[in-house]
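The values are calculated or read from the model by the stated rules, or taken from the named source; none is laboratory data. The structure displayed is predicted, hence computed values, not measured ones. Neighbour counts run over all protein chains shown; Cβ positions are idealised from the backbone, glycine included. Surface accessibility is based on the protein's heavy atoms, side chains included, excluding ligands, DNA and RNA. Shrake-Rupley method; radii C 1.70, N 1.55, O 1.52, S 1.80 Å.
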Amino acid sequence: WWTDDPEDERSRVTVRQLLSFTSGLSGTPFGDNTPRCLEDESTTIALCAQQIYESAFSYVPGEAYFYGPSHMQVLAAIAEAASGESWADLYSSRVAEPVGMINTEYNWPSTENPRISGGAQTTMQDFQRFAESMLTNAYWPTTWSEMLIDHTASPGVTFEYSPMTNGSRGWHYGLGVWLECLNPQWDETCERVDVISASGLFGFHLWLDLARGHYAVLAMEDSFSGWSTSIQLSIL
């Protein structure tokens, strides 16, 4: 159902743009602008991705950064279509089994339509294993260097929506990870990537200090939007 019409801007969307949240899709992590299908337990990843494709395309691909779950849901649908496997099987064979994440499952709002960005249940121990695998680059060496490239550099990319460009943190984005900078605004001093991080809505937060060679994981016990507190603690 994805168009190949060159006159339709959606035909130019790439996997790299989806991973860097610059695909042209919109949809906030929560609230009135969140795609409704992301909370629909009766649908599937593929059908939800199609709904997002039809209703949440807002920008020219590659020109705008919009932080939100739409990109990841479409990526999961692409992975299922390309492999012929379910997301659960793909995640299990490519990530969970190699890394040893035995207590992590994508299950919200359902196993048939898990929210890829924010729909997994995990533990501190599993998240620690994932962080360590990232730091040691043990399983995905061909993608590591691509993840660290700034895919939101200016000029070229406009930040339409980002929780990290609020005047206190001028972070940019690689592929699925934040490129941290403590300056309020991104400048040339931020271009050397020393720290990358990834945050979960309910408070799971990991960061990798590449310069010092260590990682850390934080988690809230029970707090909606706990990511804000976790990020503040990580910066301290």
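Tabulated data for the structure shown
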{"read-out": "HN-Hα J in Hz across the stretch 63-69 - Karplus 6.51, -1.76, 1.60, θ = phi - 60°, x for Gly and Pro", "value": "10, 9, 9, 9, 6, x, x"}
{"read-out": "Cα gyration tensor, the stretch 23-129 - rounded (a/c under 1.5), prolate or oblate", "value": "prolate"}
{"read-out": "List Val177, Val193, ordered by accessible area with a 1.4 Å probe, largest first", "value": "Val193, Val177"}
{"read-out": "For the stretch 203-220, 3J(HN,Hα) per residue [Karplus equation, 6.51 cos²θ - 1.76 cosθ + 1.60, θ = phi - 60°, Hz, x = Gly/Pro]", "value": "x, 5, 8, 10, 9, 10, 8, 5, 5, 9, x, 9, 10, 8, 10, 10, 8, 8"}
{"read-out": "Å³ per residue enclosed by the Cα convex hull of the stretch 81-171", "value": "166 Å³"}
{"read-out": "For Tyr173, residues with placed amide H under 5 Å, excluding near neighbours", "value": "His151, Thr152, Leu179"}
{"read-out": "Residue among His214, His71, His205 with the largest mean-square fluctuation in a Gaussian network model of the chain, springs linking Cα atoms under 10 Å", "value": "His214"}
{"read-out": "Cut-off of 10 Å, at most 16 other beta carbons, DSSP loop: longest stretch of the chain lacking such trypsin sites (Lys or Arg not before Pro)", "value": "1-191"}
{"read-out": "Over the chain: helical MRE at 222 nm, DSSP H runs n ≥ 4 each giving -39500 (n - 2.57), nearest 500", "value": "-7500 deg cm²/dmol"}
{"read-out": "Placed amide H near Phe204: partners under 5 Å, 5+ positions off or other chain", "value": "Met220"}
{"read-out": "Under Karplus coefficients 6.51, -1.76 and 1.60, residue-wise ³J(HN,Hα) of the stretch 8-22 in Hz, glycine/proline x", "value": "9, 4, 5, 5, 9, 5, 10, 4, 4, 5, 5, 5, 9, 6, 10"}
{"read-out": "Loop-located GluC sites (Glu not before Pro) in the stretch 1-77 whose Cβ has at most 15 other Cβ within 10 Å (DSSP)", "value": "Glu7, Glu41, Glu63"}
{"read-out": "Dipole axis of the chain (+1 Lys, Arg; -1 Asp, Glu on Cβ), positive-most option in Thr34, Pro98, Phe66", "value": "Pro98"}
{"read-out": "The stretch 1-89, accessible surface, carbon-and-sulfur percent (1.4 angstrom probe)", "value": "48 percent"}
{"read-out": "Cα-based equivalent ellipsoid of the stretch 1-49: semi-axis lengths in Å, sorted from largest, via gyration tensor", "value": "22, 14, 10"}
{"read-out": "Loop-located GluC sites (Glu not before Pro) in the stretch 167-236, at most 15 other Cβ atoms within 10 Å (DSSP)", "value": "Glu191, Glu221"}
